[in-house]
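**Q** After the structure tokens below, expect a handful of questions from me.
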Amino acid sequence: MTPATLPATELPIPDLDWSIASYKGHQTSDGFAYVASLRRNGKKVASVEHDGRGGTVMVFWTTAAKEHRQAWNRWVADYQSLHPENAAYEPESTAVESLIDEYEVAAKLRRATRRETPVLRPGESVLSSGGFAALRGLPDSPEVKAFLRKPDHDFDRFWDGKRWGKL
């Protein structure tokens, strides 16, 4: 297996075949609940849900369930081998939540790109949804240039609209 890297979070994953779409989440009195579509090569193959009360994620397969379920189980096992630090957690939930993080971060980056807002981040290996800063102004504006001249900032990457680049 040659791992791939998610574009927005830079998380290593087994391949780019699987993704999340149509994500909706909300806080409940017990925790965080969500529902989303699980996609394989851009096609919806399952719905994933979590009720926010602990426990595992629920996966409801659409068509060709056996084929997709077997491929998903292999992907989750490969994901788990790439992330042994998560061994104490339920592997399917961890894999789904990583794809959800990618979905959320990518959406924020798309908004910033549309608004021509520069986005900077520190050089951590995996980006969390709060691990970057969107600066007001255009990339060449005096405000942004002044911020980058400050010696105490820890940012070393910028979002170019498609991928992270070095400053």
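The values are calculated or read from the model by the stated rules, or taken from the named source; none is laboratory data. As the structure is a prediction and not an experimental result, all values here were calculated from the model. Note that we place each Cβ from the backbone using ideal geometry, even for glycine, and neighbour counts take in every protein chain shown. Accessible surface is based on the protein model in full, side chains and every heavy atom, while ligands, DNA and RNA are left aside. Shrake-Rupley method; radii C 1.70, N 1.55, O 1.52, S 1.80 Å.
**Q** Considering every residue within the stretch 91-108, establish whether at least one is over 25 Å from Phe132 (Cα atoms) and open to solvent by 70 Å² or more (accessible area, probe 1.4 Å).
**A** First, the residues of the stretch 91-108 that are over 25 Å from Phe132 (Cα atoms): 91-92.
Now narrow it down to the ones that are open to solvent by 70 Å² or more (accessible area, probe 1.4 Å): none.
No, the conditions are met nowhere in the stretch 91-108.
**Q** For the stretch 20-51, which positions are hydrophobic (A, V, I, L, M, F, W, C) and either in a loop (DSSP other than H, G, I, E, B) or farther than 20 Å from Pro7 by Cα (or both)?
**A** The initial filter retains those residues of the stretch 20-51 that are hydrophobic (A, V, I, L, M, F, W, C), namely 20-21, 32-33, 35-36, 38, 45-46, 48.
Scanning the stretch 20-51 gives Phe32, Ala33, Val35, Val45, Ala46, Val48.
**Q** Could you tell me how many of the residues in the stretch 60-81 are among the aliphatic types (A, V, I, L, M), open to solvent by 50 Å² or more (accessible area, probe 1.4 Å) and under 19 Å from the mean Cα position of the chain (by Cα)? Lay out the reasoning, then the answer.
**A** Pass one, the stretch 60-81, residues among the aliphatic types (A, V, I, L, M): 64-65, 71, 76-77.
Adding the requirement that they be open to solvent by 50 Å² or more (accessible area, probe 1.4 Å) leaves 64, 77.
Filter once more, keeping what is under 19 Å from the mean Cα position of the chain (by Cα): 77.
Residues flagged as among the aliphatic types (A, V, I, L, M), open to solvent by 50 Å² or more (accessible area, probe 1.4 Å) and under 19 Å from the mean Cα position of the chain (by Cα) within the stretch 60-81 amount to 1.
**Q** Can you list residue pairs whose Cβ atoms sit under 7 Å apart, with the first residue in the stretch 53-65 being among the hydroxyl-bearing types (Ser, Thr, Tyr) and the second being part of a loop (DSSP other than H, G, I, E, B)? Count only pairs 6 or more apart in sequence or on different chains.
**A** Thr56/Glu90
**Q** Name the residues in the stretch 15-39 that are open to solvent by 50 Å² or more (accessible area, probe 1.4 Å), more than 15 Å from the chain's Cα centre (by Cα) and of a type outside the set (Val, Ile, Thr), would you?
**A** His26, Gln27, Ser29, Asp30, Phe32
**Q** Okay, moving on. Among (1) of a type outside the set (A, V, I, L, M); (2) over 18 Å from Lys166 (Cα atoms); (3) touching a Lys or Arg at 6+ places or on another chain (Cβ under 8 Å); (4) not in a helix (DSSP H, G or I), there is one condition Trp72 misses while meeting the rest; what is its number?
**A** Condition (4) is where Trp72 drops out.
**Q** Those residues that are surrounded by fewer than 17 Cβ atoms within 10 Å (Cβ to Cβ), in contact with an Asp or Glu (Cβ under 7 Å, 6 or more places away or on another chain) and not hydroxyl-bearing (Ser, Thr, Tyr), I need them from the stretch 40-59; list them, please.
**A** Asn41, Gly52, Arg53, Met58, listed by residue number.
**Q** Here are the criteria: (1) outside any helix (DSSP H, G or I); (2) out of contact with any helix residue (DSSP H, G or I) (no Cβ under 8 Å at 6 or more places or on another chain); (3) farther than 27 Å from Ala133 by Cβ; (4) in contact (Cβ under 8 Å) with a residue 12 or more places away in the chain. Tell me which single one Leu16 does not satisfy.
**A** (3) is the only condition that Leu16 fails.
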